[in-house]
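> First the structure, then my questions, so here it is.
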Amino acid sequence: MMFNFDEGNLNKFSKEPKVFYLPPTNNFAKYFFEGLLSKCHLRVLESNPELLSHMKIITSNKRLAQTIEGLFENNGFTILPKILDLTDLSEIF
């Protein structure tokens, strides 16, 4: 994931990827989604939803990617980050 929602630099994103870790659980997608939103300022996302489109989320499988995408959609996000699974490596590089 690459993002920098510092209010002073809304339009500038970090050049370095940010990697976050969660231990595997039964509800990994939910905890990932909640953790991602906790790193962002919701007020900023509500006024600039296009910021999500600059993120890339790489998941271990297609099912997890679809679940995370569903969480974004079910929570009212219309512009989504690019969510890829490891089998889509050609789209990443």
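The values are calculated or read from the model by the stated rules, or taken from the named source; none is laboratory data. From a predicted model like this one, the values you see are computed outputs, not experimental measurements. Neighbour counts run over all protein chains shown; Cβ positions are idealised from the backbone, glycine included.
> Looking only at region 39-65, count every residue that is more than 11 Å from the chain's Cα centre (by Cα) and either of a type in the set (S, T, N, Q) or modelled with pLDDT of 90 or more (or both) and tell me the total.
Final tally of qualifying residues: 7.
> Being crowded, with 17+ Cβ neighbours inside 10 Å, in a strand (DSSP E or B) and under 9 Å from the mean Cα position of the chain (by Cα) is the filter here; which residues of region 66-86 pass it?
ILE83
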